[in-house]
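A quick write-up on the structure given underneath.
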Amino acid sequence: MPSNYNPLEIEPKWQQKWAEDNLYRVTEDSSKPKWYALTMFPYTSGDLHIGHWYAMAPSDVHARFKRMQGYNVIHPMGFDAFGLPAENAAMNHGIHPYDWTMKNVDNMRRQLKTIGAIYDWEREVITCLPDYYRWTQWFFLRLYKAGLAYRAKAPVNWCPKCQVVLANEQVANGGCWRCETQVIRRDLEQWFFRITRYADELMQHEGLDWPERIKTMQKNWVGKSQGAEIHFIIENPVTGEEKVKVFTTRPDTVFGITYLVLAPEHPLVEKLTTPDRQAEVNAYVESARRRTDIERLSAEQEKDGVFTGAYATNLVNGEKVPVWVADYVLLSYGTGIVMGVPAHDERDFAFATKYDIPIKMVISLPGWQGEELDAAYIDEGTMVNSGQFDGMSSDEARSRIVDYLAKKGWGNYAVTYRLRDWLVSRQRYWGAPIPMVYCDRCGIVPVEENDLPVLLPTDIRFSPTGESPLRHHQAFLNTTCPQCKAPAKRETDTMDTFMCSSWYFLCYTSPDYDNGPFDEEKMKYWMPVDLYTGGAEHAVMHLFYSRFFTKALRDMGLVDFDEPFLKLFNQGTVIVDHQKMSKSRGNVINPDHYVSTLGADVVRIYLMFVAPWEQGGDWNDSGISGISRWLNRVWNLTLENYQPADKPEAGKEKEFERVLHQTINKVTQDIDNIHFNTMISALMELTNYLAKIKESSSVRRENWDGAIRSILLMLAPSAPHFAEELWHQSGYPYSIHNQSWPKWDKEKAKDEEITLVVQVNGKVKTRINLPADISRDEAVKAVMESERVHSSIADKEIADVIYVPGKIVNLVVR
């Protein structure tokens, strides 16, 4: 009798054996094609839930598959270890962020090792350790020296609960992405990266195998708009005339302008507002600063504003129009000033109607006779009330008007972007310190590279004041100027944690290298990443920043490629009872329970079987129990003695070969194409078939043994411990994970028969089984001899015969 399948005994045994033998140690090998398989590393939250496993286990299956195909595979793992939750935990529980983080790292590493993945733990990266953030700081200095890092005062998104600045990408529906508290606006000196310099390139995804929705999200985030910049003269009763520029995508409507609008933050607001309007304008500006960009731009919010008392001259017709302040205009988009054309913009129409501002038609809709509009007309039409451009189509007038403005010196063609520079300053402790110094003599001075890392002090006090706690640490704050050696102050902001994750994939290539952020030769061998897997929620943060970072390093001569990730795959989400997992709902699935009862391999396979990986699925305990029963069936089929019949059936053996090779082909294609659920289904079908063969004893032992060997090899990526144990008990040499992937024979996989669908005028009449190698003429002849077909066509004339080889014969009759 075979031994029982006991995963709680088998899995630790093989994990220990693999570790002792360094089975998954990876080195560069020019004799093999390389494959860099990367899963987004987890944040050190404390425990892995089943959602982490859903991201990691299937990606490990694919990496193992590529390894068995002969690739030199690197599939590393590490921890995204800086960030606000650790600091909050420190304040709430009186534990240092480092201690909290490293305790979580230890626990999560333990959990990750139970997955049985091929992680080479000697390549582990932990972003909060000085050996790592030393190079994060080094990259900051390189960006600064390249003119890509700068400091400026700017309105920022401020979370009053977290007491931290948020990038635009970290504000969701007006709230903080972590705690959902409503975000307000504050002015602070901040450090930025010039990501806008790469705006056009970040919209391009040529040569990348990425999901279309991610590419679309990134293009929309850049938000490139083509149009014109038009000049106006604003009369200032104190300083005289002010020349301003306004960006528009509709230069064809310039004759229809009846007002201008300034963003509340625009520096001209204070200069232009007349004394009698000052109090109302100041109150409005203050109110607007308490609202986020998302709130201000919301289509559901009624637009309001206040008149400044100033007027602007529209140079194309000499008309004076009032200048307003309204919070639906953002200083960060275009020039921070927009022109109001209420006849041809829905938002402007609502605003003008509310404040009784004139509405002037300049593009005529069909049949318009001069009557007042009930709504804005936003489509193409014929130019009216537009001087020399009357009678032109609005489409033609766009370029004609811009050419006219350029000739007069009143404007020109222009492009603007929604994308803003990346705000990287954070007023928190638990992050990589920004390596800059402020000197009264020399100004802003970078720390010398050989003085890195700028270490975080360990004896820190936390207080929710809105300032970085580093500001109160005198030993950290006070330093000497790297240039003149006079007393100076350190920068007390730390870096956005997305800075740490913008280069971690480079560090994995040589994590122990001490003379730079990475060993250049090893980095060139492994990069770029061949397959990157993770959540779609990172489309306009981590993925976007990593692309910018790579392009910046390329331009500095540090890397020789344009893109970090060649193929991107976004897995779906595991839900419970049709709801997303959350601690507040109490429905978070801890994988440890299932690993300690059913085994890691069962969990791995269930996560792949539950649904297509990109869609996600609903966790179900009865479903995972079914996987356990299936593996037990494979266990017994492998180890129970097979007794072949005295005279195996020749026809059955040919069928046996065909089924086996068809399965190898399907499983190979499915894993390669990341169709894990159908791959598991194919292996289950093969198991059922093998069980029937065993009952009938209808094939020779060598064929049976060959099939068992093949199914173990096909199971090895998905159930690595299970397959290793059965491989060992079957007497094969250690290790199954050093074996080659089974090959399928096209000839052996061929069907002997095909089922031909027979149609008459496109309607199915019957199906007939024919030899697989039948010719067209023989197939048509067989169809014509079919009684059901013969009765359907009777005395009708056959006009045409459409033949799809191996699938359909369609008789066209009349």
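The values are calculated or read from the model by the stated rules, or taken from the named source; none is laboratory data. What you see is a predicted model, and the numbers here were worked out from it, not measured in a lab. Here Cβ is always computed from backbone atoms with ideal geometry, including for glycine, and neighbour counts include all displayed protein chains. Remember, those area values only see protein heavy atoms, side chains included, never the ligands or the DNA or RNA. Shrake-Rupley method; radii C 1.70, N 1.55, O 1.52, S 1.80 Å.
For this structure, a couple of remarks:
- Here LYS694 meets each of (1) open to solvent by 60 Å² or more (accessible area, probe 1.4 Å); (2) among the charged types (D, E, K, R); (3) touching a residue at least 24 places away in the same chain (Cβ under 8 Å) with one exception, condition (1).
- Of all residues making up region 711-731, the number that are open to solvent by 40 Å² or more (accessible area, probe 1.4 Å) and either in a helix (DSSP H, G or I) or not assigned by TED's automatic domain parsing to the domain that holds THR663 (or both): 2
- Matching option when the condition is of a type in the set (A, V, I, L, M), assigned to a loop (DSSP other than H, G, I, E, B) and on the phi < 0 side of the Ramachandran plot, among ILE802, ILE768, ILE774, ILE708: ILE774
- Single residue of VAL699, VAL667 found to be farther than 21 Å from VAL61 by Cα and either open to solvent by less than 60 Å² (accessible area, probe 1.4 Å) or touching a strand residue (DSSP E or B) at 6+ places or on another chain (Cβ under 7 Å) (or both): VAL699
- Residue match in region 398-411 (condition: of a type in the set (Ser, Thr, Tyr), under 30 Å from TRP221 (Cβ atoms) and part of a helix (DSSP H, G or I)): yes
- Qualifying residue in region 76-84 (condition: closer than 28 Å to ALA611 by Cβ and out of contact with any Ser or Thr (no Cβ under 8 Å at 6 or more places or on another chain)): yes
- Of all residues in region 536-571, those satisfying the criterion of being small (Gly, Ala, Ser) and open to solvent by 10 Å² or more (accessible area, probe 1.4 Å) are ALA536, GLY557.
- Residue within region 4-14 that is out of contact with any Asp or Glu (no Cβ under 6 Å at 6 or more places or on another chain), among the hydroxyl-bearing types (Ser, Thr, Tyr) and either modelled with pLDDT of 95 or more or in the same structural domain as PRO469 (by TED's automatic domain parsing) (or both) present: no
- Failed criterion for TYR734 (all others in (1) over 24 Å from ARG658 (Cβ atoms); (2) open to solvent by less than 70 Å² (accessible area, probe 1.4 Å); (3) of a type outside the set (Asp, Glu) hold): (2)
- Checking ASP356 against (1) in contact with a strand residue (DSSP E or B) (Cβ under 8 Å, 6 or more places away or on another chain); (2) open to solvent by 60 Å² or more (accessible area, probe 1.4 Å); (3) under 30 Å from LYS271 (Cβ atoms), the condition it does not meet: (1)
- Meets criteria (in contact (Cβ under 8 Å) with a residue 40 or more places away in the chain, assigned by TED's automatic domain parsing to the domain that holds VAL634 and loosely packed, with under 11 Cβ neighbours inside 10 Å) for SER740: yes
- Checked against the criterion of being within 28 Å of the chain's Cα centre (by Cα) and not hydrophobic (A, V, I, L, M, F, W, C), the candidates ASP519, ASP514 yield just one match: ASP519.
- Any hit, region 612-621, residues being acidic (Asp, Glu), exposed (fewer than 13 other Cβ atoms within 10 Å of the Cβ) and either farther than 20 Å from GLU11 by Cβ or without any contact (Cβ under 8 Å) to a residue 24 or more places away in the chain (or both): yes
- Among the conditions (1) open to solvent by less than 10 Å² (accessible area, probe 1.4 Å); (2) within 17 Å of VAL244 (Cβ to Cβ); (3) not small (Gly, Ala, Ser), PHE351 misses just one, which is (2).
- Taken together, GLU241, GLU265 contain a single residue that is of a type in the set (Asp, Glu), open to solvent by less than 50 Å² (accessible area, probe 1.4 Å) and modelled with pLDDT under 95, which is GLU265.
- Taken together, the criteria place ALA645 among residues that are surrounded by fewer than 13 Cβ atoms within 10 Å (Cβ to Cβ) and without any contact (Cβ under 8 Å) to a residue 60 or more places away in the chain.
- Helices (runs of 4 or more DSSP H) within region 536-616 that include 3 or more residues farther than 30 Å from SER718 by Cβ: 542-555
- Elements of type helices (runs of 4 or more DSSP H) contained in region 44-161, each with 2 or more residues being crowded, with 21+ Cβ neighbours inside 10 Å and either polar (S, T, N, Q) or on the phi > 0 side of the Ramachandran plot (or both): 97-114, 130-145
- One residue stands out in region 743-779 among those that are out of contact with any Lys or Arg (no Cβ under 8 Å at 6 or more places or on another chain) and small (Gly, Ala, Ser): the one that is modelled with the highest pLDDT, namely GLY762.
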